[in-house]
1. Mind counting the residues in segment A:30-51 that are surrounded by fewer than 20 Cβ atoms within 10 Å (Cβ to Cβ), touching a Lys or Arg at 6+ places or on another chain (Cβ under 9 Å) and facing chain B (nearest Cβ under 9 Å)?
2. Which of the numbered conditions does A:SER41 fail, given that it passes all the others? Conditions: (1) without any contact (Cβ under 8 Å) to a residue 12 or more places away in the chain; (2) under 30 Å from B:GLY52 (Cβ atoms).
3. If you go through segment B:23-36, how many residues are surrounded by 22 or more Cβ atoms within 10 Å (Cβ to Cβ) and either under 11 Å from the mean Cα position of the chain (by Cα) or basic (Lys, Arg) (or both)?
4. For segment A:86-96, state whether one or more residues are over 21 Å from B:PRO31 (Cβ atoms), at pLDDT below 95 and more than 15 Å from the chain's Cα centre (by Cα).
5. Within the group B:SER77, B:SER50, which residue is away from chain A (no Cβ under 11 Å) and in a strand (DSSP E or B)?
6. Could you please tell me which pairs satisfy a Cβ distance under 9 Å, a separation of 6+ or placement on different chains, a first residue in segment B:57-73 that is modelled with pLDDT of 85 or more, and a second residue that is part of a strand (DSSP E or B) and charged (D, E, K, R)?
7. Does segment A:66-84 contain at least one residue that is within 14 Å of another protein chain (Cβ to nearest Cβ) and either touching a residue at least 60 places away in the same chain (Cβ under 8 Å) or closer than 30 Å to B:PRO8 by Cβ (or both)?
8. Tell me yes or no: at least one residue of segment B:4-24 is farther than 16 Å from B:GLY96 by Cβ, more than 9 Å from chain A (Cβ to nearest Cβ), part of a strand (DSSP E or B) and among the small types (Gly, Ala, Ser).
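The values are calculated or read from the model by the stated rules, or taken from the named source; none is laboratory data. In this text the structure is predicted, and so the values were computed from the model without any measurement. Quick reminder, even Gly has a Cβ in these numbers, built from the backbone with ideal geometry, and neighbours come from all protein chains shown.
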Amino acid sequence: LAKTTQPISMDSYEGQEVNITCSHNNIATNDYITWYQQFPSQGPRFIIQGYKTKVTNEVASLFIPADRKSSTLSLPRVSLSDTAVYYCLVGAGTGRRALTFGSGTRLQVQP
Amino acid sequence: SQTIHQWPATLVQPVGSPLSLECTVEGTSNPNLYWYRQAAGRGLQLLFYSIGIDQISSEVPQNLSASRPQDRQFILSSKKLLLSDSGFYLCAWSRGSELAGNIQYFGAGTRLSVL
């Protein structure tokens, strides 16, 4: 399974765009990149998933370069409610190969 | 739509007592099921996952066990709790037939305090 590396923490202010980068140098051909958000005392929530190039939904954008060795989660115009821990997971397939959550990136949004 | 139920929400148990946490999923069939534990301020530690009834994989050796008596029911148990078993326990499911990325959907969690 591909190992991921993320910054431990990030700080931002309301209204700014936040970019969180995840490194996954040994990503496999059939691996997908998935990001989750977790608030205190809650289970993680799926944000976005991608394989290559760019994916955008109503919450975030995910940028994946051609070599796929990293990915960047982009949160546009963050608010205080975006303060959370963000996890990057890389893997593929069914539950036969369960993915592992790392320590994530703790994002703190200030007013 | 699919929903996942996990209970109880909080639990305080003495050291040496047994444990049973239950998780059920509705609105889907043959899901993959997962149990995680999260220590305070830490990431998620995968404990068990199951791709079908009586097909359970253990990721971390410990005094916990998991069972899947029905397709959409996943139970986490212990015969004798340790202080180190305290934490936030999360159940999750994913579509068993999904080949692309295995997106997991989490329950609300159980906060276990062993005293």
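1. 2
2. (2)
3. 5
4. No: segment A:86-96 contains no residue that is over 21 Å from B:PRO31 (Cβ atoms), at pLDDT below 95 and more than 15 Å from the chain's Cα centre (by Cα).
5. B:SER77
6. Cβ pairs passing all conditions: B:LEU64/B:ARG37; B:ARG72/B:GLU26; B:GLN73/B:GLU22.
7. Within segment A:66-84, one or more residues are within 14 Å of another protein chain (Cβ to nearest Cβ) and either touching a residue at least 60 places away in the same chain (Cβ under 8 Å) or closer than 30 Å to B:PRO8 by Cβ (or both).
8. yes
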